[in-house]
Amino acid sequence: LDSAAGPLLYIATPDDRLNLYKDLSVEAKQRWLTDFWTRRDQSPGASRNETRENFYEVVAYANRQFKIGGRGNTPGWRTDRGRIYAKYGPYDEFLDRFSRGLAPPYQVWRYTQQKDLYFIFIDRSNLGAFQLIYSNDRTEVSHADWMEQLTAVGVQDVSRWLGVDFGPVPTSQ
């Protein structure tokens, strides 16, 4: 039950009172989860809750694709890429660079269906541990020094790919 509730922090609202979940009995947790998904069911009365099924398929994909560590020490849904994937689903456009100049490997995910959102991830470890450093999504925290982390070459590449002017690009790298 707890593993089913964990990823819900990405989609739960304050009204869901997810913060109280951990203190519930097993029976109360089962009721809470049932109520949570019933409220989100887009086809009430159907034999399946497709909203719930789709969400857990996305979480399973994130766990397979974005886990960190040899034996999955960090589940994929708990990583930055897994969080974005769980919240928004598959990206519409994708830029993947192993490295460019002094820039570390980086990825840019772009979502264009609802509103134009993009997320810039870098892998300082070169082991697949990508971290979100910048996004135009105001609900995400961006690093103040993201341009320095990405380096001038990376910022220029991302700027061209997105068609976004980020302003003055650091030139010391």
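Any read-out appearing in this document is the output of simple, stated calculations on the displayed coordinates, not a laboratory observation. Treat the numbers as computed from the prediction; the structure is a model and nothing was measured. For neighbour counting, all protein chains shown are included, and Cβ atoms are generated from backbone atoms with ideal geometry for every residue, glycine included.
In nm, to one decimal, how far is the W161 label point from the I11 one, both placed 7 Å along Cα→Cβ?
Distance between label points: 2.8 nm.
Skipping prolines and chain starts, which residues have an amide H placed within reach, meaning under 5 Å, of the one on N136, given they are 5 or more residues away or on another chain?
Amide H neighbours of N136: Y118.
Between T34 and E57, how many nm apart are label points set 7 Å from Cα along the C-beta direction?
2.5
Which of the three applies to the stretch 46-148, rounded, prolate or oblate, going by the alpha-carbon gyration tensor with a ≥ b ≥ c and a/c under 1.5 meaning rounded?
On the way: a/c = 2.29, a/b = 1.43, b/c = 1.60.
Taking the square roots of the gyration eigenvalues as a ≥ b ≥ c, the stretch 46-148 is oblate.
Please name which of Q113, L132, Q156 has its Cα lying farthest along the dipole of the stretch 15-173 towards the positive end, using unit charges on Cβ (Lys, Arg +1; Asp, Glu -1) and the Cα centre as origin.
Positive-most Cα among the choices belongs to L132.
What spacing in nm lies between the two simple spin-label points modelled at S3 and A46, each 7 Å away from Cα in the Cβ direction?
2.6
Quick check for me: using +1 on Lys/Arg Cβ and -1 on Asp/Glu Cβ, what's the dipole size of the stretch 1-72 about its Cα centre, in debye to the nearest 20? Display every interim value, and only then the final one.
Numbers: 11 positive and 10 negative charges, 55 e Å.
With Lys and Arg at +1 and Asp and Glu at -1, about 260 debye.
If you average the sequence gap of Cα pairs under 8 Å that are 6 or more apart and divide by the length of the stretch 44-150, what percent do you get for the contact order? Write down the numbers at each step before the final one.
On the way: 156 pairs, mean separation 17.3, N = 107.
This gives 16 percent for the stretch 44-150.
Going by amide H atoms built from the backbone, whose H comes under 5 Å of the H on K67, apart from near neighbours?
G76
With N denoting the number of residues in the chain, provide Rg(C-alpha) divided by 2.2 N^0.38 Å, to two decimal places.
For the chain, the normalised Cα radius of gyration is 1.20.
If you place +1 on the Cβ of every Lys and Arg and -1 on the Cβ of every Asp and Glu, how big does the dipole about the Cα centre of the chain come out, in debye to the nearest 20? Working shown, then result.
Working: 22 positive and 22 negative charges, 76 e Å.
For the chain, the charge dipole is close to 360 debye.
Calculated FRET efficiency, T112 and D23, Cβ-Cβ r, R0 35 Å, to nearest 0.05? All intermediate terms of the calculation are to be shown ahead of the outcome.
Numbers: r = 41 Å, r/R0 = 1.17.
After rounding to 0.05, the efficiency reads 0.30.
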